[in-house]
Amino acid sequence: MSSVQINGPRDGHTRSATVSPGSLVFTAGAAPIDADGATVAPGNVREQAVQCMKNLEAALIESGATLRDVAKVTVFVAEHLQADLVVAWDAVTEAFGDHRPAGSLLGVSVLAYDDQLVEIEAVAAIRG
């Protein structure tokens, strides 16, 4: 059982999440990097977002959490078109399924790795 209560969603977006007493997990930004350290799918926002979510899920599992424990997610997209932000967000919400954490979607000018377009970080809550 998760210690995250999603408040909403309202107007199609979750405005907040409440966390019960327990431990918080703060992830670093999950990049679209494969097991060999190569950037996955250069130029493809959707596929990079999918890889980021796989890497985020792996980081959460290492911490004893799952995607259902995420209270807040932040998605960074290094593209100039607002439509590309939506493409990334759709891949993220698909990975979460019916769990809808509070979220922020940001367009940025550049990310750390060559050919990187997407990065995702999260805050999760697990029972203490």
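The values are calculated or read from the model by the stated rules, or taken from the named source; none is laboratory data. What you see is a predicted model; the values in this text were computed from it and never measured. Cβ placement follows ideal geometry from the backbone for every residue including glycine, while neighbour counts extend to all protein chains displayed. Ligands, DNA and RNA are stripped out before the accessible areas are found, and what is left, the full protein with its side chains, is counted by its heavy atoms. Shrake-Rupley method; radii C 1.70, N 1.55, O 1.52, S 1.80 Å.
Observations on the model:
- Subset tally (residues that are farther than 19 Å from LEU105 by Cβ, crowded, with 21+ Cβ neighbours inside 10 Å and not acidic (Asp, Glu)) for region 63-78: 1
- Residue selected from region 95-118 under the condition open to solvent by 40 Å² or more (accessible area, probe 1.4 Å) and in contact (Cβ under 8 Å) with a residue 40 or more places away in the chain, by the criterion farthest from GLU47 (Cα to Cα): ARG100
- Filtered residues of region 10-22 (kept if within 19 Å of the chain's Cα centre (by Cα) and not hydrophobic (A, V, I, L, M, F, W, C)): GLY12, HIS13, THR14, ARG15, SER16, THR18
- Looking across region 80-89, just one residue is out of contact with any strand residue (DSSP E or B) (no Cβ under 7 Å at 6 or more places or on another chain) and closer than 14 Å to GLU47 by Cβ, and that is VAL87.
- Pick from region 19-46, criterion open to solvent by 70 Å² or more (accessible area, probe 1.4 Å) and in contact (Cβ under 8 Å) with a residue 40 or more places away in the chain, ranking: farthest from VAL92 (Cα to Cα): PRO21
- Qualifying residue in region 51-62 (condition: of a type in the set (Asp, Glu), more than 20 Å from GLN5 (Cβ to Cβ), open to solvent by less than 40 Å² (accessible area, probe 1.4 Å) and over 11 Å from the mean Cα position of the chain (by Cα)): no
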